[in-house]
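Below is one structure; the comments refer to it alone.
The values are calculated or read from the model by the stated rules, or taken from the named source; none is laboratory data. Bear in mind the structure is a predicted one, so any value in this text is a computation, not a measurement. Counting neighbours? That spans all protein chains shown, and the Cβs are built from the backbone with ideal geometry, glycine included.
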Amino acid sequence: MLTNDSIRARRMLKAAQDAASFCQGFTVESLRADRVRALAVIRCLEIVCDAAEKMTSDFKKTNQNIPWRIMAHMRKRLSQLYFSIDLSVILETTQQELPHLITALTAAIVAEEKDGASDSDAPV
């Protein structure tokens, strides 16, 4: 059975993958010219960061290679300062940082599934 952290991690992973794919081959200028795409990428990042804030402290401790504080800070910026969002930062985040996050989340999900499988095999 999936835990809330597993569900959130999967949602984070999907949103991160979407944001990264939406920005493939884009420059700041081309992203700025495509407002719908820019808003979609920003929304994906909001989903990633919002889910990250709701992860349990146990999950965060187990996965310290994920930048939890940075994502919390980014979420606040995206949701509260939306008129001053710098698309160059958004593009850099999606092209430079998200690939690392995607790798880390994938590993965390696999580890969580293994732990869940071993827990369900335990005698009652």
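A few notes on this one:
- When each of Glu46, Glu97, Glu113 is tested for being over 13 Å from the mean Cα position of the chain (by Cα) and assigned to a helix (DSSP H, G or I), the lone residue that passes is Glu113.
- Filter result for Ala122 (at pLDDT 95 or above and more than 12 Å from the chain's Cα centre (by Cα)): no
- Here Ala51, Ala20, Ala15, Ala40 are screened, and the one residue that is in a helix (DSSP H, G or I), in contact with a Phe, Trp or Tyr (Cβ under 9 Å, 6 or more places away or on another chain) and surrounded by 14 or more Cβ atoms within 10 Å (Cβ to Cβ) is Ala40.
- Looking at Gln64, Gln95, just one residue is surrounded by fewer than 18 Cβ atoms within 10 Å (Cβ to Cβ) and either of a type in the set (Ser, Thr, Tyr) or farther than 24 Å from Ala111 by Cβ (or both), and that residue is Gln95.
- Residues of the stretch 65-81 that are in a helix (DSSP H, G or I) and free of Cβ contacts under 8 Å to residues at least 12 places away in the same chain: Arg69, Ile70, His73, Lys76, Arg77, Gln80.
- If you go through the stretch 23-37 and keep only what is touching a helix residue (DSSP H, G or I) at 6+ places or on another chain (Cβ under 7 Å) and either surrounded by fewer than 19 Cβ atoms within 10 Å (Cβ to Cβ) or of a type outside the set (A, V, I, L, M) (or both), you end up with Cys23, Phe26, Val28, Arg32, Arg37.
- Verdict on Thr103 being in a helix (DSSP H, G or I), in contact (Cβ under 8 Å) with a residue 40 or more places away in the chain and of a type in the set (S, T, N, Q): no
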